[in-house]
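The values are calculated or read from the model by the stated rules, or taken from the named source; none is laboratory data. Predicted, not measured: the structure shown is a model, and the values here were computed from it. Here the Cβ positions follow ideal geometry from the backbone for every residue, glycine too, while neighbour counts run over all protein chains shown. Remember, those area values only see protein heavy atoms, side chains included, never the ligands or the DNA or RNA. Shrake-Rupley method; radii C 1.70, N 1.55, O 1.52, S 1.80 Å.
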Amino acid sequence: KTYSRIRGWVWRRDIISAAGQGAVALCVTAAGTVVDEKLEGRKGVRKKGVDGQVRSFKEIPHTGRSGWVNLVKFWREDRFRQLHKHMERTFNALGPIYREHLGTQSSVNIILPSDIGELFRSEGLHPERMTLQPWATHRETRHYSKGVFLKNGEEWRVDRLLLNKEVMMSAAVKRFLPLLDEVARDFCRMMQAKVEREGRGEEGKRSLTIDPSPDIFRFALEASCNVIYGERIGLFSSSPSLESQKFIWAVEQMLVTTPPLLYLPHRLLLRIGAPLWTQHATAWDHIFSHAEARIQRWYQRLSSSQGRGSEAGASGGQYSGVLGQLMEKGQLSLDLIKANVTEMMAGGVDTTAVPLQFALFELGRNPEVQERVRQQVRASWEQAGGDPQKALQGAPLLKGTIKEILRLYPVATTVQRRTIKDTILQNYHIPAGTLVQVCLYPLGRSADVFAAPQRFEPDRWVNNGEKGQTVEGSSFRSLAFGFGARQCVGRRIAENEMQLLLMHILLSFHLSVTSSEDIKTTCTLILQPETPPRITFRKL
């Protein structure tokens with residue numbers, strides 16, 4: 001599939017395909033077969049050096065010394081698709097810490113909350129994670145500013161603190177929740193009409209079995225646009241606008257072309273005008289054009305309101321979305337505003353749409369859990385009197401459902417930091433500047449961290465996460481959105497977007513599945529189902 005998209009390119013198909021499937025932006029870990037050292041003693045027990053001394057970096061168990069041998073082996077065996085499973089197997093074989101080399105990249109991988117806490121406690125004021133170089137190269141060649149996702153250091157911190165006020169603080173959440181709620185309600189009305197039109201059974205009690213992923217994707221895009229740009233783009237209509245269709249295409253193309261460029265020499269591809277790079281850059285150009293059009297519309301609304309003598313600004317006194325808030329306050333330059341809202345839009349669609357697919361599946365195959373969550377949601381909704389914020393506050397099982405889904409199916413398979421100082425993990429010396437990865441998939445499914453880890457139990461996150469844990473304390477076990485100052489900037493938007501949609505779906509439909517077998521997952525740029533699950537929606 002990837003090969004067909006880069007017609008004329010002379011790399012071997014097996015190498016290109018494997019790179020495209022396995023070059024996970026947030027998970028630069030790979031290796032050949034497990035070699036050398038075995039873990040001594042019980043898993044999770046720190047190794048001790050001679051005379052109790054800290055052991056050297058070279059003594060950390062590893063999966064092969066040659067990064068290039070590992071890289072070729074993974075390309076040949078097409079093992080990148082199951083990279084999350086590879087990490088799980090390697091922890092089982094080597095213990096709670098191991099080194100890995102892939103080409104020019106190397107990392108230390110960890111899984112235990114105690115080590116994760118040690119890593120994050122030493123991250124400093126300017127936490128640094130990996131940079132998606134193809135994205136950064138696009139900004140540099142187009143002379144665009146970079147958003148906080150692509151920045152590090154003091155420059156990152158200044159911009160991030162300003163953005164937090166509009167997307168992370170409780171006051172900001174209170175402003176944008178009604179916009180998310182509006183889209184979630186419209187989604188359910190659209191689904192109810194579809195069930196009545198295409199479903200089976202008596203009128204008013206029909207059910208419909210479908211792959212809901214295209215509709216969920218449209219929901220995520222519509223919701224993101226409403227919050228970030230303060231306007232609807234009509235994706236629930238029978239004929240979405242050409243502009244919206246172009247944006248969907250651009251996001252898909254950007255996501256498809258990013259993975260192979262992580263391992264291929266994208267600077268060389270740029271220089272020779274390779275089709276793969278051209279497709280990637282063109283997709284980003286469309287995404288930036290989409291943001292530019294919204295900024296121009298904001299200016300038009302501002303001019304119109306000033307012409308009418310309005311003192312309320314372009315928003316007319318109403319919440320105008322993240323873009324409008326940033327523009328009105330003027331604390332970031334126009335280029336930085338465009339860079340950041342573009343990154344939030346591009347990164348906020350699949351990362352909510354895919355977990356929602358998993359959530360519908362798990363609720364569908366666990367009807368008792370579904371009913372418990374529904375009863376709590378229904379009671380909270382009635383008491384809240386239609387206030388979405390109060391409704392969510394009164395339904396902790398709903399938040400637990402999202403956390404449980406992201407435990408079992410983390411969107412990003414790792415969270416990374418580069419150590420800013422020498423650190424000790426599992427009694428091994430980790431030099432400053434080392435890339436350390438917290439591997440989320442094996443963490444979430446580890447019996448050393450969670451009781452009955454394969455079981456879907458939203459209750460385990462209620463009451464401060466005290467239920468269902470097998471390690472002391474509840475910190476550093478839920479990291480799907482990252483941690484601390486460097487956590488996902490769109491976290492509050494994504495969490496509330498997913499909770500609100502599930503709330504309205506549970507109020508409107510009973511969910512079931514055609515097959516209760518585990519979903520097979522694959523790694524591309526994110527963790528996703530190999531085949532989207534089919535869900536039966538029955539009107540309540």
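Could you grab the relative contact order for the chain? Cα pairs under 8 Å, six or more apart, rounded to a whole percent. All intermediate terms of the calculation are to be shown ahead of the outcome.
Working: 900 pairs, mean separation 126.4, N = 540.
The value is 23 percent.
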Computing the accessible area with a 1.4 Å probe over protein heavy atoms, can you report the carbon and sulfur percentage for the stretch 473-540? 45
Protein accessible area in the stretch 329-405, 1.4 Å probe - carbon and sulfur %: 45
I'd like to check one number: the per residue accessible area of the chain, probe 1.4 Å, reported in Å² as a whole number. 42
Taking every eigenvalue of the Cα gyration tensor of the stretch 324-451, multiplying by 5 and rooting it, what semi-axes result, largest first, whole Å? 33, 28, 14
Of 165/403; 151/338; 165/399, which ones are farther than 18 Å apart at the Cα? 165/403; 165/399
Just read off the accessible area of residue 518 with the full protein assembly in place, 1.4 Å probe, to the nearest 10 Å². 110
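How much mean residue ellipticity at 222 nm does the chain get from its helices, if each DSSP H run of length 4 or more adds -39500 (n - 2.57) and you divide by all residues, to the nearest 500 deg cm²/dmol?
On the way: 20 runs with 277 residues, N = 540.
Rounded to the nearest 500, the figure is -16500 deg cm²/dmol.
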Dividing the alpha-carbon Rg of the stretch 333-374 by 2.2 N^0.38 Å yields what? 1.87
For residue 335 paired with residue 271, estimate the spin-label separation in nm (one decimal), with each label point 7 Å from Cα along the Cα-to-Cβ line. 2.6
Roll a 1.4 Å probe over the protein heavy atoms and report the accessible area of residue 286 in Å², nearest 10. 70
Please work out the FRET efficiency for the pair residue 452 and residue 207, using the Cβ-Cβ distance as r and a Förster radius of 30 Å; give the result to the nearest 0.05. 0.45
Quick check: at a probe of 1.4 Å, how many percent of the accessible area of the stretch 59-212 sits on carbon and sulfur atoms? 49
Report the normalised scattering of the chain as log10 I(q)/I(0) at q = 0.08 Å⁻¹, calculated by the Debye formula with identical scatterers on the alpha carbons. -0.54
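Can you tell me the length gained on complete extension of the stretch residue 475 to residue 196, counting 0.36 nm per residue apart and subtracting the Cα distance? Walk me through the intermediate numbers first.
Values: separation 279, 0.36 × 279 = 100.44 nm, distance 4.56 nm.
My answer for the length gained is 95.9 nm.
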Over the stretch 393-540, what portion of Cα pair distances is larger than 26 Å, expressed as a whole percent? 34
Dimensionless Rg over Rh [the stretch 189-345; C-alpha; Kirkwood]: 1.09
For the stretch 370-400 versus the stretch 141-165, the gap between their alpha-carbon centres in whole angstrom: 36
If you stretched the chain out fully between residue 170 and residue 520, how much longer would it get, using 0.36 nm times the residue separation minus the C-alpha to C-alpha distance? 122.3 nm
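Classify the stretch 164-263 from the C-alpha gyration tensor, please: rounded if a/c falls under 1.5, else prolate or oblate depending on whether a/b exceeds b/c. Could you put the intermediate results ahead of the total?
Values: a/c = 2.19, a/b = 1.29, b/c = 1.70.
Oblate is the answer for the stretch 164-263, as a/c is 1.5 or above yet b/c matches or exceeds a/b.
Out of the DSSP beta bridges found with both residues in the chain, what percent are antiparallel (nearest 5)? Show your work: numbers first, answer last.
Details: 28 of 33 bridges.
For the chain, the DSSP antiparallel bridge percentage is about 85.
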Fully extended, how many nm does the chain gain between residue 131 and residue 89 (0.36 nm per residue separation, minus their Cα-Cα distance)? 12.5 nm
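Looking at the calculated P(r) for the stretch 138-192, what percent of the C-alpha pair distances fall above 12 Å?
Values: 1096 of 1485 pairs.
The proportion of pairs with Cα distances above 12 Å equals 74 percent.
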